[in-house]
Each structure stands twice: as C-alpha cells, then as structure tokens.
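The values are calculated or read from the model by the stated rules, or taken from the named source; none is laboratory data. If you're wondering where the values come from, they're calculated on a predicted model, not measured in any experiment. Using ideal geometry, Cβ is built from the backbone for each residue, glycine included, and neighbour counts are taken over all protein chains shown. Each accessible area value is taken on the protein alone, full model and side chains, heavy atoms only, with ligands, DNA and RNA left out. Shrake-Rupley method; radii C 1.70, N 1.55, O 1.52, S 1.80 Å.
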Amino acid sequence: MLNLSKCQFQGKCPSPCIRKQRKSYAGCWRPLTTFITPWGRFCFNVLPFGISSGSEKFHKNISQILQGLDGVECNIDDVLVHGKDETEHDQRLEAVLKRLVEARMTLNLDKCQFSTDRVKFLGHVISFSGIKADPEKLQAIADLPPPQTCKK
C-alpha cells in the first residue's frame with residue numbers, strides 16, 4: 001500500500017498580500033501584471049496566459065458579477081442557469097446575460113449550450129431524470145493506473 005502522508009501538494013491560491021481587486025472586471029488583473037521597463041511601468045489590460053492564480057481570480061470575479069441571481073451556478077468558467085420551467089429559465093438567462101454585458105464580459109458561443117434538457121456540469125450529467133455521474137469521467141478514473149510514487 002502506498003503511503004501518501006509525506007507527499008506535499010502545491011496549492012494555487014493567490015497570495016493574500018495582493019491588493020484588493022477592483023470592481024471593474026477589465027482592470028482587476030492590473031496589480032498582477034505590472035512590469036517595469038526603461039520607459040516606465042506598464043501592465044496588461046487583460047490577464048495574459050501563464051498567471052497561475054488566473055483561474056481563481058476569474059472565478060471570484062464571475063461569482064461577484066452573478067451574485068444574488070437565483071437559479072445560477074458557477075464554477076471557474078462554467079455557468080449553469082436553471083429554472084422550474086422554460087419561462088423561469090429564460091428570465092434567469094436574460095438576467096445573467098444582462099449582468100455579463102454590464103461587466104463587459106464576452107461569451108464564446110461555440111462553447112455555450114442554450115435551452116437544453118441535458119447538460120454535463122462538473123463531472124455530472126444533469127437532466128430531467130436527475131443528476132448522475134458522467135460515465136466518461138467514471139471510465140477515465142477506472143482506466144487510471146495506480147500511483148507508484150508520491151510524485152505521481
């Protein structure tokens with residue numbers, strides 16, 4: 001049996017000393033991306049690739065933008081809007097889209113699913129018949145070889 005008690009796992013939570021994020025979505029990355037050149041200080045207007053705390057910052061922003069809306073679940077960059085019937089769903093979806101427009105957020109329509117009766121969300125399949133584990137995820141876990149060392 002493999003003893004994992006001595007393994008160390010690195011967390012990716014942002015440092016608490018980072019300045020409080022700004023209310024504007026477009027400028028919230030600025031404290032993280034300031035750099036100095038011979039011509040002065042500059043910063044990115046959007047978060048570039050490679051910032052390790054980027055997903056946590058994005059999740060916090062999207063949660064604040066959608067805070068207080070009923071029937072909305074979000075995790076990192078996945079947003080699920082649900083309602084007891086189509087009318088309620090459409091009203092909630094309209095409220096979500098309005099908030100996203102106000103925050104100057106854009107959506108990739110190729111990754112969006114609207115008015116569907118079955119959706120994969122956080123490793124589950126959600127439908128009218130209930131919530132079930134995603135069979136593809138279960139198969140991927142079943143196919144994993146057992147770890148041989150702490151580094152695996």
For this session: Only residues that are assigned to a helix (DSSP H, G or I), open to solvent by 80 Å² or more (accessible area, probe 1.4 Å) and not polar (S, T, N, Q): list them for the range 38-64, please.
Result: 60
For this session: Scan the range 117-137 residue by residue and report those that are open to solvent by less than 100 Å² (accessible area, probe 1.4 Å) and more than 23 Å from residue 63 (Cβ to Cβ).
Result: 117, 125, 127, 129, 130, 133, 134, 135
Exercise. So which pairs qualify, if the first residue must be in the range 123-138 and closer than 18 Å to residue 78 by Cα, the second must be among the charged types (D, E, K, R) and part of a loop (DSSP other than H, G, I, E, B), the Cβ gap must be under 9 Å, and the two must be at least 6 apart or on different chains?
Worked result: 123/134; 124/134; 125/134; 127/117
Seminar exercise, completed: Taking the range 74-87 and keeping only residues that are within 21 Å of residue 63 (Cα to Cα), outside any loop (DSSP other than H, G, I, E, B) and charged (D, E, K, R), one is left with 78
Exercise. Taking the range 65-81, which residues are open to solvent by 50 Å² or more (accessible area, probe 1.4 Å) and either under 12 Å from the mean Cα position of the chain (by Cα) or at pLDDT below 90 (or both)?
Worked result: 73, 75, 76, 77, 78, 79
Seminar exercise, completed: Filter the range 100-109 for residues that are assigned to a loop (DSSP other than H, G, I, E, B) and of a type in the set (A, V, I, L, M); the one that is surrounded by the fewest Cβ atoms within 10 Å (Cβ to Cβ) is 107
For this session: Evaluate the range 106-118: report whether one residue or more is out of contact with any His (no Cβ under 9 Å at 6 or more places or on another chain), under 16 Å from residue 66 (Cα atoms), hydrophobic (A, V, I, L, M, F, W, C) and modelled with pLDDT under 90.
Result: yes
Seminar exercise, completed: The correct count of residues that are of a type in the set (S, T, N, Q) and in contact with a strand residue (DSSP E or B) (Cβ under 6 Å, 6 or more places away or on another chain) in the range 76-112 is 0
Exercise. Residue check, residue 88 against (1) touching a helix residue (DSSP H, G or I) at 6+ places or on another chain (Cβ under 6 Å); (2) surrounded by 13 or more Cβ atoms within 10 Å (Cβ to Cβ), all met but one. Which one?
Worked result: (1)
